[in-house]
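Here's the structure, in C-alpha coordinates; my notes come after.
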Amino acid sequence: MIRFENVFKRYDGGAPAVTDLTLDIPEASITVFVGPSGCGKTTSLRMVNRMVDATSGTIEVDGRDISAVPPHQLRRSMGYVMQAGGLMPHRTIAENIATVPRLLGTSRARSRGRALELLETVGLDRDLAGRYPAQLSGGQQQRVGVARALAADPPILLMDEPFSAVDPVVRTELQNELLRLQSQLSKTIVFVTHDIDEAILLGDHVAVMGNGGVLQQFSPPAELLHAPANDFVARFIGRDRGFRALSFRPASELDWSPAAGYSETDLAAAVAIPRTASVRAALDAALTSLSGLVVAQDQDGAVAGVLDAAGIGRQIGGRDSDVVA
Ligand SMILES: Nc1ncnc2c1ncn2[C@@H]1O[C@H](COP(=O)(O)OP(=O)(O)OP(=O)(O)O)[C@@H](O)[C@H]1O
Ligand SMILES: [Mg+2]
(Lines give C-alpha, C1' and ligand atoms only; values in the text may rest on other atoms or scores of the structure.)
(Ligands and ions follow the chains in the order given, each with its own letter.)
Protein backbone atom coordinates (compact mmCIF):
# COMPACT_ATOMS: atom_id res chain seq x y z
CA MET A 1 0.00 0.00 0.00
CA ILE A 2 1.13 3.55 -0.73
CA ARG A 3 0.22 6.16 1.88
CA PHE A 4 0.40 9.93 1.45
CA GLU A 5 0.25 11.81 4.73
CA ASN A 6 -0.03 15.60 4.75
CA VAL A 7 2.22 15.85 1.73
CA PHE A 8 3.15 19.30 0.39
CA LYS A 9 5.28 20.11 -2.61
CA ARG A 10 6.51 23.54 -3.52
CA TYR A 11 9.08 23.97 -6.31
CA ASP A 12 11.70 26.67 -5.57
CA GLY A 13 9.46 28.77 -3.39
CA GLY A 14 6.72 28.93 -6.04
CA ALA A 15 3.02 28.37 -5.39
CA PRO A 16 2.20 24.93 -3.91
CA ALA A 17 2.07 22.21 -6.57
CA VAL A 18 0.59 19.73 -4.09
CA THR A 19 -1.22 20.84 -0.94
CA ASP A 20 -1.70 18.68 2.13
CA LEU A 21 -2.32 15.44 0.28
CA THR A 22 -3.49 12.60 2.51
CA LEU A 23 -4.50 9.44 0.72
CA ASP A 24 -4.17 5.65 0.91
CA ILE A 25 -3.57 3.90 -2.38
CA PRO A 26 -4.77 0.33 -2.00
CA GLU A 27 -2.70 -2.65 -3.12
CA ALA A 28 -3.41 -4.68 -6.24
CA SER A 29 -5.79 -2.17 -7.75
CA ILE A 30 -5.77 0.84 -10.06
CA THR A 31 -5.82 4.30 -8.50
CA VAL A 32 -6.19 7.19 -10.93
CA PHE A 33 -5.15 10.79 -10.30
CA VAL A 34 -7.21 13.05 -12.51
CA GLY A 35 -7.54 16.80 -12.78
CA PRO A 36 -6.86 19.82 -14.98
CA SER A 37 -3.43 20.68 -16.37
CA GLY A 38 -0.96 21.85 -13.75
CA CYS A 39 -2.93 20.57 -10.76
CA GLY A 40 -0.03 18.47 -9.49
CA LYS A 41 -0.78 14.98 -10.85
CA THR A 42 2.69 14.30 -12.24
CA THR A 43 4.28 15.81 -9.15
CA SER A 44 2.23 13.50 -6.92
CA LEU A 45 3.19 10.47 -9.00
CA ARG A 46 6.88 11.36 -9.10
CA MET A 47 7.03 11.79 -5.35
CA VAL A 48 6.22 8.08 -5.05
CA ASN A 49 9.47 6.99 -6.72
CA ARG A 50 11.40 10.05 -5.53
CA MET A 51 11.93 11.56 -8.95
CA VAL A 52 10.60 14.50 -6.96
CA ASP A 53 10.97 14.83 -3.19
CA ALA A 54 8.13 16.14 -1.07
CA THR A 55 8.68 19.49 0.66
CA SER A 56 6.97 18.16 3.79
CA GLY A 57 4.77 15.31 4.90
CA THR A 58 5.47 11.61 4.48
CA ILE A 59 4.93 8.98 1.83
CA GLU A 60 5.04 5.37 2.93
CA VAL A 61 5.29 2.31 0.73
CA ASP A 62 4.41 -0.91 2.55
CA GLY A 63 4.78 0.87 5.86
CA ARG A 64 8.23 2.30 5.11
CA ASP A 65 8.87 6.03 4.94
CA ILE A 66 10.38 6.39 1.46
CA SER A 67 12.52 9.40 2.40
CA ALA A 68 14.78 6.85 4.11
CA VAL A 69 14.98 4.58 1.05
CA PRO A 70 17.62 5.36 -1.60
CA PRO A 71 15.82 6.20 -4.87
CA HIS A 72 17.56 3.48 -6.92
CA GLN A 73 16.45 0.86 -4.42
CA LEU A 74 12.92 2.25 -4.23
CA ARG A 75 12.57 2.16 -8.01
CA ARG A 76 13.29 -1.57 -8.17
CA SER A 77 9.80 -2.15 -6.87
CA MET A 78 8.26 0.41 -9.24
CA GLY A 79 7.88 0.42 -13.01
CA TYR A 80 7.40 3.84 -14.60
CA VAL A 81 5.53 4.45 -17.84
CA MET A 82 5.52 7.91 -19.31
CA GLN A 83 3.68 9.68 -22.07
CA ALA A 84 4.72 8.68 -25.62
CA GLY A 85 6.59 5.64 -24.41
CA GLY A 86 9.83 7.40 -23.54
CA LEU A 87 11.82 4.72 -25.35
CA MET A 88 15.50 5.04 -26.14
CA PRO A 89 15.65 5.67 -29.90
CA HIS A 90 19.00 4.01 -30.61
CA ARG A 91 18.18 0.78 -28.84
CA THR A 92 16.08 -2.03 -30.22
CA ILE A 93 12.69 -2.86 -28.75
CA ALA A 94 14.14 -5.91 -26.97
CA GLU A 95 16.99 -3.82 -25.54
CA ASN A 96 14.54 -1.15 -24.41
CA ILE A 97 12.38 -3.67 -22.58
CA ALA A 98 15.42 -5.36 -21.02
CA THR A 99 16.89 -2.10 -19.66
CA VAL A 100 16.03 -2.58 -16.00
CA PRO A 101 16.77 -6.33 -15.76
CA ARG A 102 20.17 -5.61 -17.36
CA LEU A 103 20.83 -2.86 -14.81
CA LEU A 104 19.92 -5.29 -12.06
CA GLY A 105 22.49 -7.76 -13.38
CA THR A 106 20.30 -10.25 -15.23
CA SER A 107 22.27 -11.90 -18.07
CA ARG A 108 21.82 -10.69 -21.61
CA ALA A 109 20.26 -13.98 -22.74
CA ARG A 110 17.76 -14.15 -19.90
CA SER A 111 16.82 -10.49 -20.22
CA ARG A 112 16.19 -11.01 -23.90
CA GLY A 113 14.04 -14.07 -23.24
CA ARG A 114 12.03 -12.06 -20.75
CA ALA A 115 11.69 -9.20 -23.26
CA LEU A 116 10.26 -11.58 -25.87
CA GLU A 117 7.79 -12.98 -23.35
CA LEU A 118 6.72 -9.49 -22.36
CA LEU A 119 6.09 -8.49 -25.97
CA GLU A 120 3.45 -11.18 -26.03
CA THR A 121 2.11 -10.16 -22.63
CA VAL A 122 1.35 -6.68 -23.95
CA GLY A 123 -0.14 -8.03 -27.17
CA LEU A 124 2.76 -7.48 -29.57
CA ASP A 125 4.45 -9.84 -32.00
CA ARG A 126 7.87 -11.18 -31.01
CA ASP A 127 9.08 -10.22 -34.48
CA LEU A 128 9.16 -6.58 -33.37
CA ALA A 129 12.02 -7.29 -30.94
CA GLY A 130 14.77 -6.26 -33.36
CA ARG A 131 13.17 -3.04 -34.57
CA TYR A 132 13.89 0.48 -33.32
CA PRO A 133 11.20 2.61 -31.65
CA ALA A 134 10.78 4.88 -34.69
CA GLN A 135 9.78 1.80 -36.70
CA LEU A 136 6.74 1.23 -34.49
CA SER A 137 3.36 2.97 -34.42
CA GLY A 138 2.53 5.21 -31.47
CA GLY A 139 0.24 2.58 -29.98
CA GLN A 140 2.90 -0.11 -30.34
CA GLN A 141 5.45 2.15 -28.67
CA GLN A 142 3.08 2.64 -25.74
CA ARG A 143 2.75 -1.11 -25.37
CA VAL A 144 6.53 -1.44 -25.37
CA GLY A 145 6.62 1.24 -22.67
CA VAL A 146 4.31 -0.90 -20.55
CA ALA A 147 6.38 -4.02 -21.26
CA ARG A 148 9.53 -2.20 -20.19
CA ALA A 149 7.91 -1.10 -16.93
CA LEU A 150 6.88 -4.70 -16.26
CA ALA A 151 10.31 -6.16 -17.07
CA ALA A 152 11.57 -6.46 -13.51
CA ASP A 153 8.12 -7.61 -12.37
CA PRO A 154 7.67 -4.74 -9.90
CA PRO A 155 4.64 -4.82 -7.60
CA ILE A 156 3.96 -1.14 -8.33
CA LEU A 157 3.40 0.53 -11.70
CA LEU A 158 3.42 4.31 -12.03
CA MET A 159 1.85 5.50 -15.25
CA ASP A 160 1.85 9.16 -16.30
CA GLU A 161 -0.66 9.85 -19.11
CA PRO A 162 0.62 6.76 -20.89
CA PHE A 163 -2.10 6.73 -23.54
CA SER A 164 -2.60 10.41 -24.24
CA ALA A 165 -0.43 10.56 -27.37
CA VAL A 166 -2.42 8.03 -29.40
CA ASP A 167 -5.65 8.34 -31.37
CA PRO A 168 -8.99 7.50 -29.70
CA VAL A 169 -9.34 4.04 -31.27
CA VAL A 170 -5.87 2.89 -30.25
CA ARG A 171 -6.40 4.50 -26.89
CA THR A 172 -9.51 2.43 -26.24
CA GLU A 173 -7.55 -0.71 -27.22
CA LEU A 174 -4.73 0.16 -24.84
CA GLN A 175 -7.15 0.88 -22.01
CA ASN A 176 -8.86 -2.48 -22.45
CA GLU A 177 -5.48 -4.15 -22.71
CA LEU A 178 -4.42 -2.60 -19.43
CA LEU A 179 -7.58 -3.87 -17.73
CA ARG A 180 -6.94 -7.35 -19.15
CA LEU A 181 -3.32 -7.27 -17.99
CA GLN A 182 -4.32 -6.06 -14.56
CA SER A 183 -6.83 -8.88 -14.16
CA GLN A 184 -3.88 -11.26 -14.59
CA LEU A 185 -1.11 -9.35 -12.84
CA SER A 186 -2.85 -7.55 -9.95
CA LYS A 187 -0.27 -4.79 -9.69
CA THR A 188 -0.66 -1.71 -7.56
CA ILE A 189 -1.12 0.84 -10.34
CA VAL A 190 -1.05 4.59 -9.94
CA PHE A 191 -2.30 6.13 -13.17
CA VAL A 192 -2.33 9.82 -14.08
CA THR A 193 -4.66 11.31 -16.67
CA HIS A 194 -6.51 14.56 -17.34
CA ASP A 195 -9.32 12.58 -19.00
CA ILE A 196 -12.20 11.89 -16.63
CA ASP A 197 -13.62 9.17 -18.90
CA GLU A 198 -10.32 7.32 -18.79
CA ALA A 199 -10.24 7.72 -15.01
CA ILE A 200 -13.75 6.30 -14.64
CA LEU A 201 -13.05 3.41 -17.00
CA LEU A 202 -9.75 2.34 -15.46
CA GLY A 203 -9.87 3.37 -11.83
CA ASP A 204 -10.85 1.17 -8.93
CA HIS A 205 -10.40 4.44 -7.06
CA VAL A 206 -10.22 7.93 -8.49
CA ALA A 207 -8.55 10.94 -6.90
CA VAL A 208 -9.84 14.20 -8.37
CA MET A 209 -7.35 17.01 -7.86
CA GLY A 210 -7.99 20.71 -8.17
CA ASN A 211 -5.73 23.72 -8.62
CA GLY A 212 -2.77 23.93 -6.29
CA GLY A 213 -2.82 20.16 -5.89
CA VAL A 214 -5.77 20.14 -3.52
CA LEU A 215 -7.54 16.78 -3.36
CA GLN A 216 -11.26 17.27 -4.07
CA GLN A 217 -12.57 13.73 -3.83
CA PHE A 218 -11.18 10.24 -3.49
CA SER A 219 -13.64 7.46 -4.15
CA PRO A 220 -14.59 4.58 -6.44
CA PRO A 221 -15.80 5.90 -9.81
CA ALA A 222 -19.44 4.93 -9.29
CA GLU A 223 -19.52 7.04 -6.15
CA LEU A 224 -17.87 9.92 -7.97
CA LEU A 225 -20.69 9.85 -10.53
CA HIS A 226 -23.50 9.41 -8.03
CA ALA A 227 -22.25 11.74 -5.34
CA PRO A 228 -19.70 14.33 -6.47
CA ALA A 229 -18.22 15.92 -3.34
CA ASN A 230 -18.53 19.50 -4.60
CA ASP A 231 -19.19 21.72 -7.62
CA PHE A 232 -15.65 21.40 -8.88
CA VAL A 233 -15.95 17.62 -9.11
CA ALA A 234 -19.45 17.81 -10.60
CA ARG A 235 -18.27 20.24 -13.29
CA PHE A 236 -15.18 18.19 -13.99
CA ILE A 237 -17.20 15.02 -14.49
CA GLY A 238 -19.57 16.78 -16.89
CA ARG A 239 -23.29 16.86 -17.42
CA ASP A 240 -24.07 13.31 -18.48
CA ARG A 241 -22.87 11.69 -15.31
CA GLY A 242 -26.25 10.16 -14.56
CA PHE A 243 -26.11 8.29 -17.86
CA ARG A 244 -22.50 7.27 -17.31
CA ALA A 245 -23.31 6.02 -13.84
CA LEU A 246 -25.47 3.39 -15.51
CA SER A 247 -22.21 1.64 -16.51
CA PHE A 248 -21.84 0.60 -12.91
CA ARG A 249 -25.31 -0.91 -12.51
CA PRO A 250 -25.77 -4.50 -13.69
CA ALA A 251 -28.57 -5.21 -16.17
CA SER A 252 -29.49 -8.16 -13.96
CA GLU A 253 -30.97 -5.71 -11.47
CA LEU A 254 -33.64 -4.70 -14.02
CA ASP A 255 -37.04 -6.31 -13.99
CA TRP A 256 -37.04 -8.12 -17.38
CA SER A 257 -40.28 -9.10 -19.16
CA PRO A 258 -40.84 -12.68 -20.38
CA ALA A 259 -40.09 -13.20 -24.08
CA ALA A 260 -43.51 -14.82 -24.60
CA GLY A 261 -45.17 -11.40 -24.88
CA TYR A 262 -43.21 -10.45 -28.03
CA SER A 263 -43.44 -11.51 -31.69
CA GLU A 264 -40.77 -13.72 -33.27
CA THR A 265 -39.97 -10.95 -35.76
CA ASP A 266 -39.41 -8.34 -33.06
CA LEU A 267 -37.26 -10.72 -31.03
CA ALA A 268 -35.21 -11.58 -34.11
CA ALA A 269 -34.51 -7.87 -34.68
CA ALA A 270 -33.59 -7.24 -31.02
CA VAL A 271 -30.02 -6.67 -29.88
CA ALA A 272 -28.83 -9.26 -27.37
CA ILE A 273 -26.62 -8.55 -24.37
CA PRO A 274 -25.39 -10.83 -21.60
CA ARG A 275 -27.36 -10.51 -18.36
CA THR A 276 -24.08 -9.55 -16.72
CA ALA A 277 -23.71 -6.44 -18.91
CA SER A 278 -24.42 -2.98 -17.51
CA VAL A 279 -27.69 -1.07 -17.54
CA ARG A 280 -25.96 1.39 -19.85
CA ALA A 281 -25.20 -1.41 -22.32
CA ALA A 282 -28.83 -2.56 -22.10
CA LEU A 283 -30.13 0.93 -22.80
CA ASP A 284 -27.72 1.42 -25.66
CA ALA A 285 -28.78 -1.94 -27.15
CA ALA A 286 -32.47 -1.01 -26.94
CA LEU A 287 -31.82 2.38 -28.54
CA THR A 288 -29.90 0.89 -31.46
CA SER A 289 -32.01 -2.20 -32.09
CA LEU A 290 -34.34 -2.22 -35.12
CA SER A 291 -37.31 -3.42 -33.08
CA GLY A 292 -36.43 -1.19 -30.12
CA LEU A 293 -35.93 -4.27 -27.97
CA VAL A 294 -32.99 -5.56 -25.99
CA VAL A 295 -32.79 -9.20 -25.04
CA ALA A 296 -30.84 -10.32 -21.98
CA GLN A 297 -29.17 -13.69 -22.39
CA ASP A 298 -28.03 -16.19 -19.79
CA GLN A 299 -24.56 -17.66 -20.02
CA ASP A 300 -25.85 -20.51 -22.21
CA GLY A 301 -27.44 -18.03 -24.64
CA ALA A 302 -31.02 -18.63 -23.46
CA VAL A 303 -33.28 -15.57 -23.44
CA ALA A 304 -33.65 -14.37 -19.86
CA GLY A 305 -35.95 -11.46 -20.63
CA VAL A 306 -36.84 -8.57 -22.90
CA LEU A 307 -37.12 -4.79 -22.44
CA ASP A 308 -37.39 -1.63 -24.50
CA ALA A 309 -35.79 1.75 -23.78
CA ALA A 310 -38.95 3.13 -22.19
CA GLY A 311 -39.17 0.10 -19.92
CA ILE A 312 -35.56 0.58 -18.85
CA GLY A 313 -36.18 4.31 -18.43
CA ARG A 314 -39.12 3.73 -16.09
CA GLN A 315 -36.98 1.50 -13.90
CA ILE A 316 -33.96 3.77 -13.68
CA GLY A 317 -35.85 7.07 -13.60
CA GLY A 318 -36.48 7.44 -9.90
CA ARG A 319 -33.11 6.46 -8.64
CA ASP A 320 -31.01 8.53 -11.01
CA SER A 321 -33.19 11.58 -11.59
CA ASP A 322 -31.45 13.41 -8.77
CA VAL A 323 -28.01 13.13 -10.33
CA VAL A 324 -28.94 13.95 -13.92
CA ALA A 325 -29.84 17.59 -13.27
N1 LIG B 1 10.40 21.06 -12.10
C2 LIG B 1 9.53 22.03 -11.79
N3 LIG B 1 9.93 23.23 -11.35
C4 LIG B 1 9.08 24.22 -11.04
N5 LIG B 1 7.74 24.08 -11.09
C6 LIG B 1 7.26 22.91 -11.53
C7 LIG B 1 8.11 21.83 -11.90
N8 LIG B 1 7.33 20.77 -12.27
C9 LIG B 1 6.07 21.20 -12.16
N10 LIG B 1 6.00 22.46 -11.69
C11 LIG B 1 4.78 23.24 -11.42
O12 LIG B 1 4.01 22.51 -10.46
C13 LIG B 1 2.63 22.53 -10.78
C14 LIG B 1 2.12 21.10 -10.95
O15 LIG B 1 2.75 20.52 -12.06
P16 LIG B 1 2.50 19.03 -12.52
O17 LIG B 1 3.44 18.72 -13.62
O18 LIG B 1 2.53 18.15 -11.34
O19 LIG B 1 1.00 19.13 -13.05
P20 LIG B 1 0.10 18.09 -13.84
O21 LIG B 1 -1.16 17.98 -13.09
O22 LIG B 1 0.86 16.84 -14.09
O23 LIG B 1 -0.18 18.84 -15.21
P24 LIG B 1 -0.36 18.27 -16.72
O25 LIG B 1 -1.75 17.71 -16.79
O26 LIG B 1 -0.23 19.51 -17.56
O27 LIG B 1 0.71 17.27 -16.96
C28 LIG B 1 2.51 23.38 -12.03
O29 LIG B 1 2.17 24.68 -11.64
C30 LIG B 1 3.90 23.35 -12.63
O31 LIG B 1 4.17 24.52 -13.35
MG1 LIG C 1 1.54 15.90 -15.82
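The values are calculated or read from the model by the stated rules, or taken from the named source; none is laboratory data. Every value quoted in this text rests on a predicted model; they were computed, and no experiment measured them. For neighbour counting, all protein chains shown are included, and Cβ atoms are generated from backbone atoms with ideal geometry for every residue, glycine included. Accessible surface is based on the protein model in full, side chains and every heavy atom, while ligands, DNA and RNA are left aside. Shrake-Rupley method; radii C 1.70, N 1.55, O 1.52, S 1.80 Å.
In table form, for the structure just shown:
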{"quantity": "Relative contact order (%) - criterion: Cα under 8 Å, at least six apart; region: the stretch 247-324", "calculated": "31"}
{"quantity": "Rh by Kirkwood over Cα pairs, then Stokes-Einstein D for the chain at 1.002 mPa s and 20 °C, µm²/s", "calculated": "98"}
{"quantity": "Net charge over other residues, Cβ less than 12 angstrom from the Cβ of THR193 (K, R count +1; D, E count -1)", "calculated": "-3"}
{"quantity": "For the stretch 247-324, average projected area of the Cα convex hull in nm²", "calculated": "4.8"}
{"quantity": "Charge sum, other residues only, whose C-beta stays under 14 Å from SER111's C-beta, Lys/Arg counted +1 and Asp/Glu -1", "calculated": "+4"}
{"quantity": "Between 0 and 90°, nearest 10: helix 108-121 axis offset from the chain longest Cα axis", "calculated": "20"}
{"quantity": "Helix 168-185 axis, angle to the chain major axis (alpha carbon atoms, nearest 10°)", "calculated": "80"}
{"quantity": "FRET efficiency for SER77 and GLN135, using Cβ-Cβ distance with R0 set to 35 Å, rounded to 0.05", "calculated": "0.65"}
{"quantity": "Per DSSP, loop trypsin sites (Lys or Arg not before Pro) in the stretch 106-166 with at most 16 further Cβ within 10 Å", "calculated": "ARG131"}
{"quantity": "Choice from ASP204, ASP300, ASP231 showing the highest fluctuation, given a GNM over the chain with Cα pairs closer than 10 Å", "calculated": "ASP300"}
{"quantity": "Convex hull projection area averaged over all views, the stretch 117-183, Cα basis, nm²", "calculated": "4.6"}
{"quantity": "Percent RCO, i.e. relative contact order, over the chain, from Cα pairs under 8 Å lying at least 6 residues apart", "calculated": "18"}
{"quantity": "Accessible area of the chain belonging to carbon and sulfur atoms, whole % at 1.4 Å probe", "calculated": "50"}
{"quantity": "Helix 279-288 vs. the chain, principal-axis angle (Cα, 0 to 90°, nearest 10)", "calculated": "60"}
{"quantity": "Neighbour-limited loop hits for chymotrypsin sites (Phe, Trp or Tyr not before Pro), the stretch 1-35 (at most 12 other Cβ within 10 Å; DSSP other than H, G, I, E, B)", "calculated": "TYR11"}
{"quantity": "Rounded to 5, the percent of DSSP beta bridges in the chain classed as antiparallel", "calculated": "55"}
{"quantity": "Solvent-accessible heavy-atom area per residue, rounded to whole Å², over the chain at 1.4 Å", "calculated": "47"}
